[in-house]
Amino acid sequence: MTDGAGRDARERIASRLVGRERELELVLAAVGSGRDLVLEGPPGTSKTTMLQAVTAEWGIPLLFVEGNADLTPAKLVGHHNPARVLREDYSAENFVAGPLAEAMRRGGFLYIEELNRAPEDTLNTLLTAMADRRIEVPRVGAIEALPTFRVVASMNPYDNVGTTRLSTSVSDRLNRIVVGYQDAAAEEAIVALRTGLIGATADRVIPDAVAVTRATRQHPAVRQGSSVRGAIDTALVAHELLVLRAQDSASEGYAETVYDAMTVALSGRIHLDEAAETTPELVLREIWEDRFVLEPARAEPG
Ligand SMILES: Nc1ncnc2c1ncn2[C@@H]1O[C@H](COP(=O)(O)OP(=O)(O)OP(=O)(O)O)[C@@H](O)[C@H]1O
Ligand SMILES: [Mg+2]
C-alpha cells in the first residue's frame, strides 16, 4: 500500500466513526503490517465499529465468534456434517467450515470476543493458524490463509467473573490496543448519529442522556456503568415518551420524563458493587437529582 492510499483509506474510514483517530490509526498500523492483535476495553467502546469500518474499506469479511468454554477447536475450525458422513463417508465436500477456516479461506478478520474465556486447546489451534497462516484439517487437507487474514481478539478489562488472564504464550503473540470511553462531546455526536434525532428537543435530550449515562460510570456504588449504548437508548426512549406525553424539552414534566427513560434504558445496564446496599433505580435517582435538581442551571436550555 502506498503512503497516499493509506492516508486516503484512513480518511474514508474516519468518516464512519466519531473521533477515535488515534485508535483507528493504531489499528490500521497493526493490521496493515500483517499483525494480529487484541483490543482491550469495556463494552460499547467502538471495538466492533472500528473493525467493521476497516474490513468494509478493505472489502473483506469480518467473522465473529464468542470466546467461551464451549468454543471447541472443532467449532472454531469446522466439522464434518454427520448426516453426510454417514451417507457418503468423510470428504472435503461435507466439511462445514467454522469461522477460522472461513476467515482464512476468504482472507477475512476473525474477531474473537472475550478470547480469554476460550479453552486452552482452542487457543492452541488458533496460535497455530496465526503462526503458520495455514491449518491441517484431518480428511480435508491444508487450509491456506489469504494474505488479509487476521485474528483480532477483544477483552473486557472490567469483567472478572469467570475470566482468566491470557496466558503468556498467547499474549506474547498478540499486539494490544487499549480503548476507553470517549469524551462527552464525542458521545453526544455518536448519539446524534445513531438516533438521527434533531431539533430543539434533541438539543436538550442528547446532552442530558449522555451526561446521566456517563455519571453511571462514576457512581461509587456501581462496579460497571453503562456504555454509550445506554445514552443512545435513553435519548430514543425519552424522545418517544415526550411524544406520547405531548411534552417537549421546555415542558414542566420534561425532567421527570427523562428519569422514566433512564429507568428503562439504564437500570439493566448498570452493575452494582456486591457490597452496595442500594438498587439501580435509587442510583439512577441520585444521578438524576444531581443533573436536574442540584445543578439545574447546567441543564437549562440555552
Ligand atoms: N466512535 C464511534 N463512532 C460511531 N459510533 C460509535 C462509536 N463508538 C460506538 N459507537 C456506537 O455505539 C455502539 C457500541 O459500539 P461497538 O459495538 O463498536 O462497541 P464494542 O466496543 O464492540 O462493544 P462490545 O465490547 O460490547 O462488543 C454501536 O451502536 C456503535 O454504532
Ligand atoms: Mg463489539
If I ask for residues that are over 20 Å from residue 174 (Cα atoms) and charged (D, E, K, R), which ones from the range 59-111 would you list? 70, 75, 84, 87, 88, 89, 93, 102, 105, 106
Please verify whether residue 131 is touching a residue at least 40 places away in the same chain (Cβ under 8 Å), surrounded by fewer than 17 Cβ atoms within 10 Å (Cβ to Cβ), in the same structural domain as residue 46 (by TED's automatic domain parsing) and away from ligand 1 (no atom under 16 Å from the Cβ), treating the condition exactly as stated. yes
Residue ID - farthest from residue 115 (Cα to Cα), chosen from residues in the range 177-189 that are of a type in the set (D, E, K, R) and surrounded by 14 or more Cβ atoms within 10 Å (Cβ to Cβ): 188
Checking the structure you have, find out if any residue of the range 32-41 is under 14 Å from the mean Cα position of the chain (by Cα), buried (at least 19 other Cβ atoms within 10 Å of the Cβ) and aliphatic (A, V, I, L, M). yes
Would you point out which residue out of 116, 94, 81 is at pLDDT below 90 and touching a Ser or Thr at 6+ places or on another chain (Cβ under 6 Å)? 116
Subset of the range 101-117, residues within 16 Å of ligand 1 (Cβ to nearest atom) and assigned to a loop (DSSP other than H, G, I, E, B), comes to 114
Pair list, Cβ < 7 Å and 6+ apart or interchain, from the range 279-292 residues that are outside the structural domain of residue 221 (by TED's automatic domain parsing) to residues that are crowded, with 16+ Cβ neighbours inside 10 Å: none
Going through 246, 202, 265 one at a time, which residue ends up being in the same structural domain as residue 286 (by TED's automatic domain parsing) and surrounded by 20 or more Cβ atoms within 10 Å (Cβ to Cβ)? 265
If you scan the range 123-154, which residues turn out to be β-branched (Val, Ile, Thr) and out of contact with any Lys or Arg (no Cβ under 8 Å at 6 or more places or on another chain)? 125, 128, 135, 137, 140, 148, 151, 152
Which ranges mark the helices (runs of 4 or more DSSP H) fully within the range 124-220 that have 1 or more residues being closer than 30 Å to residue 73 by Cα and out of contact with any helix residue (DSSP H, G or I) (no Cβ under 7 Å at 6 or more places or on another chain)? 168-171
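The values are calculated or read from the model by the stated rules, or taken from the named source; none is laboratory data. Since this is a predicted model, take the numbers as computed values, not measurements. Note: ideal-geometry Cβ built from the backbone for every residue, glycine included; neighbour counts use all protein chains shown.
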